[in-house]
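To start, the structure under review is shown below, and the notes come after it.
The values are calculated or read from the model by the stated rules, or taken from the named source; none is laboratory data. What you are looking at is a predicted structure, and each value in this text was computed from that prediction instead of being measured. Counting neighbours? That spans all protein chains shown, and the Cβs are built from the backbone with ideal geometry, glycine included. Surface areas here come from the heavy atoms of the whole protein model, side chains and all, with no ligands, DNA or RNA. Shrake-Rupley method; radii C 1.70, N 1.55, O 1.52, S 1.80 Å.
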Amino acid sequence: MNKALKRFFAIDLSNAIFREVTDALVIFSMSFVTYFVFAEWGGLSILQNVLHREIKAPSLLYFCGAALVVFSVRRIGDQRRERAKRVAAEQNAYLASTRDPLTQLPNRRQFQIQVSTALKNSKNPMSVLLLGLNHFGKLNEVYGHLGCDEALSQIGSRIRDGAHSSEVFARVGDDEFALCLAGTDAENALRVAGTLLEAVKKPVQIGIELQSISASIGIVQVGRGHATVDELLRCAHVALSRARNAQLDCCFFDPKMDAHVRTRALLEKDLREAIGSHGIRPHYQPIVDLKTRRIVSFESLARWQHPMNGLIAPNTFIPLAEELGLIHVLSAQLFRHSCRDAANWPESISLSFNFSPTQLSDKNFAQDVLTILDDAGLAPDRLEAEITESAIVSDFEATRHAIQTLRNAGVRIVIDDFGTGYSGLSQLYELRFDKLKVDKRFIQEIGKSSENDIFMRAIFGLCKGLDLRVTAEGIENVAQADAAFAYGAHQGQGFLFSKAVPADAVSQLLIDFPRADLERKNTLATLSARKSGTPRGMVT
Ligand code: C2E
Ligand code: CA
Ligand code: CA
């Protein structure tokens, strides 16, 4: 029990004893007054007249006195019992309001009270360590709430056993524990963090299974009286998120991180609004047949016209939308928009659309795509669904199911950014893609390194063997276009041909292509190079 609680109960106890003594005094005084009323002031004769019988004064007085004494003793006993019950109930209520019922550690409220008192009183700076269990949600899915409760109470006991008596510690969130240390000695903070992590990482027993749980720690250091506890916990949380993202054990808070978090929070708010108001629109970048230099399709690339920050590229907001679980809504909006635009293009021109890996795990994904195509009146064989290697790696079964449904309906499946992920050859073979896009970093390395040349030959050999068509991405000059063609690429895409343009500029591009200045310049040289296996501009 802490000092405040002890002081509170000590005061309460002395109040109660004082009340008992005063009650006893009042009862004894009443007995005395009664005696006088009856014995001295004729009360006895009045009572005899009323009852019409003689009453012996002393026996009555003895009786009254004894009854009052019994009454007062019983009354004092009752009061004691009541007081004991009330004290126990108050103690329970106090503990319930300051303890976490599962781990029996102090709770967030208690941590706030103790740390804010320490912040006000202490002349010394301090450090707050916030420990977060990693992937605890997954554990919940596997073992349910009861299993997680078992794990948490074991981890709570280890934290309590490991903490020094001078340290303030608490469970401050579902899967978060905080510890406040005196001083800002980074080495000491790291040592304590290391001990905590060691304690947490030991396997916990859930039912009959042993399960290891990893954790990360965010550390914030503070000078005297400079912050509130909420602010400290928020900063520690920022550092904890950074530690988790960088897959580190520990990370110290740095004010720069805060600026990043605030910018992100603003972006998040704006993104929600932009999605709500359909403010993110598709632009279209042409994909060109490298032989005829005619446009064969357009890739839909999302663009966000931000009211303050101008045009924002998708690499900023698509990952954020994925993280916030907004990608399904955003992608459906963009896809519907793109299909309606593509339905107005000549029939020979296809639409390429990027689907995010998280979408492929949704079991309704393929059916939703087909429904949107149908609504827009765009034939499924005019769609090329671009998916990245990371989608295959993250959920192979779901991806296979989605690909099969779409392919059966006539949609072509394209593997995007090839060479940047970790998909295996057997997966590539099993999923039966129609086309592969070689990532722009390999196209832009053409002619610069022999390793790149070896890689390009390997990819094109593989594609030939698997009968896959190939698009070379990121073509910025005619030499790259020619070299890609010489390697065996069928189609090309890049700033050489055009950047992504708004929907109303597509028809002009269709008129402009094929452009004379983009014709293959060195057909003979390229062809002879293809025969000898050495595309022009390559390192030999
Ligand atoms: P991506 O699918 O690889 O798209 C090609 C990216 O390369 C585009 O960047 C395009 O503007 C850029 N690019 C094209 N030609 C060249 C070139 O010659 N040189 C250089 N340096 N870059 C070139 P963008 O539009 O910024 O898109 C980035 C990525 O965002 C896309 O990469 C795609 O993965 C993703 N993305 C774009 N729109 C969507 C969308 O609607 N949904 C989803 N899920 N992802 C999208
Ligand atoms: Ca793409
Ligand atoms: Ca790509």
Legend entry - Enumerated strands (runs of 3 or more DSSP E) restricted to the stretch 216-308, each holding at least 2 residues that are within 16 Å of ligand 1 (Cβ to nearest atom) and modelled with pLDDT of 90 or more: 280-289, 295-306
Inset, instruction - Check whether at least one residue in the stretch 228-244 is in contact with a strand residue (DSSP E or B) (Cβ under 9 Å, 6 or more places away or on another chain) and polar (S, T, N, Q), and report yes or no. - result: yes
Legend entry - Residue in the stretch 400-413 that is within 11 Å of ligand 3 (Cβ to nearest atom), of a type outside the set (Gly, Ala, Ser) and in contact (Cβ under 8 Å) with a residue 24 or more places away in the chain present: no
Inset, instruction - Sort through Asp375, Asp341 and tell me the only one that's in contact with a strand residue (DSSP E or B) (Cβ under 8 Å, 6 or more places away or on another chain) and either open to solvent by less than 10 Å² (accessible area, probe 1.4 Å) or not basic (Lys, Arg) (or both). - result: Asp341
Inset, instruction - Just give me the residues in the stretch 71-116 being touching a residue at least 40 places away in the same chain (Cβ under 8 Å), basic (Lys, Arg) and over 22 Å from Arg158 (Cβ atoms), in sequence order. - result: Arg75, Arg80, Arg83
Inset, instruction - Considering each residue of the stretch 359-369, count those that are within 25 Å of the chain's Cα centre (by Cα) and either outside any helix (DSSP H, G or I) or away from ligand 2 (no atom under 16 Å from the Cβ) (or both), and give that number. - result: 5
Inset, instruction - Check Ser352, Ser338 and return the single one that is within 29 Å of Leu510 (Cα to Cα), among the hydroxyl-bearing types (Ser, Thr, Tyr), within 13 Å of ligand 2 (Cβ to nearest atom) and assigned to a strand (DSSP E or B). - result: Ser352
Inset, instruction - Filter the stretch 189-208 for residues that are touching a residue at least 12 places away in the same chain (Cβ under 8 Å) and either of a type in the set (Gly, Ala, Ser) or out of contact with any helix residue (DSSP H, G or I) (no Cβ under 8 Å at 6 or more places or on another chain) (or both) and give the result. - result: Ala189, Leu190, Val192, Ala193, Gly194, Leu197, Ala199, Lys201, Gly207
Legend entry - Options Glu384, Glu323: the member that is assigned by TED's automatic domain parsing to the domain that holds Val478, within 16 Å of ligand 2 (Cβ to nearest atom) and among the acidic types (Asp, Glu): Glu384
